[in-house]
Amino acid sequence: METRKRLSPEESRASALSAARLLLIEAGPQAVTLKAVGARIGRTHANLLHHFGSAAGLQRALASHLAETVCESVAPAVHANRAGLGSPREVVDIAFDAFDEEGGGALVSWMLATGHEDSIEPFVETIHNLVHDLHPEEDDEAEARVAHEATLAVVLLALGQSLIGAPLTASLKLPGATARDMAANIIEASLIQASMDSETAS
């Protein structure tokens with residue numbers, strides 16, 4: 001009989017979140033249940049309850065996990081931007097992919113519909129950090145407002161695109177990348193505005 005490998009609590013949690021992410025992408029947020037995740041990784045319902053407390057706890061942890069994945073993915077883009085080699089569009093693409101291809105938009109929508117509004121916070125915080133990295137002087141009140149407004153716009157556009165973007169864009173006979181282009185333009189405009197404000201202040 002094959003002996004199941006004993007995982008540390010951290011490894012067990014990471015394995016569960018990895019399985020939950022795949023279920024989210026493959027079948028949507030309604031498929032992310034303790035039973036389904038347990039079956040995929042060979043763990044009991046009680047084991048997952050120990051780590052997450054409930055299905056809602058698992059889904060909240062998944063939202064945080066996806067946001068952390070975005071952080072890891074975006075680091076090269078941010079560093080490239082600081083070195084003059086990147087662009088706001090790279091940040092936009094990462095944010096949009098997190099909500100769309102990675103299933104973040106569907107998960108957030110599901111969590112909001114079931115009364116867990118805090119599920120969107122990890123995504124907002126992560127995307128805000130990206131915009132903040134493009135606005136190094138955000139300690140200034142005017143600069144902070146510009147960065148916050150850019151964050152709001154990017155999150156709203158990315159979330160909307162993930163939910164109804166494709167059919168809406170097609171019905172309006174617009175190019176498929178229109179929302180991403182709009183988001184990149186907003187960030188670029190925020191950088192110009194921040195630069196102008198900085199020059200005025202000095």
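Kindly indicate whether any position in the stretch 53-70 is polar (S, T, N, Q) and not in a helix (DSSP H, G or I).
Taking every residue of the stretch 53-70 in turn, at least one turns out to be polar (S, T, N, Q) and not in a helix (DSSP H, G or I).
Taking GLU90, is it outside any helix (DSSP H, G or I) and at pLDDT 75 or above?
no
Scan the stretch 158-185 for residues that are open to solvent by 40 Å² or more (accessible area, probe 1.4 Å) and either in a helix (DSSP H, G or I) or under 23 Å from ASP197 (Cβ atoms) (or both) and report the count.
Qualifying residue count for the region: 11.
How many residues, within the stretch 25-36, are at pLDDT below 85 and either open to solvent by less than 30 Å² (accessible area, probe 1.4 Å) or farther than 23 Å from SER109 by Cα (or both)?
Qualifying residue count, the stretch 25-36: 2.
Of a type in the set (S, T, N, Q), surrounded by fewer than 16 Cβ atoms within 10 Å (Cβ to Cβ) and either closer than 16 Å to LEU62 by Cβ or modelled with pLDDT under 75 (or both): does that describe THR114?
yes
MET1 is checked against (1) at pLDDT 85 or above; (2) loosely packed, with under 12 Cβ neighbours inside 10 Å and fails just one. What number does that condition carry?
Single failed check for MET1: (1).
Among the candidates ALA19, ALA46, ALA39, which residue alone is modelled with pLDDT under 90, in a helix (DSSP H, G or I) and small (Gly, Ala, Ser)?
ALA46 is the lone residue from the list that is modelled with pLDDT under 90, in a helix (DSSP H, G or I) and small (Gly, Ala, Ser).
The values are calculated or read from the model by the stated rules, or taken from the named source; none is laboratory data. All of these numbers come straight from a predicted model, not from anything done at the bench. Glycine also receives a Cβ, built like all others from the backbone with ideal geometry; neighbour counts cover every protein chain displayed. When the accessible area is computed, the model is the full protein with side chains, heavy atoms only, and any ligands, DNA or RNA have been set aside. Shrake-Rupley method; radii C 1.70, N 1.55, O 1.52, S 1.80 Å.
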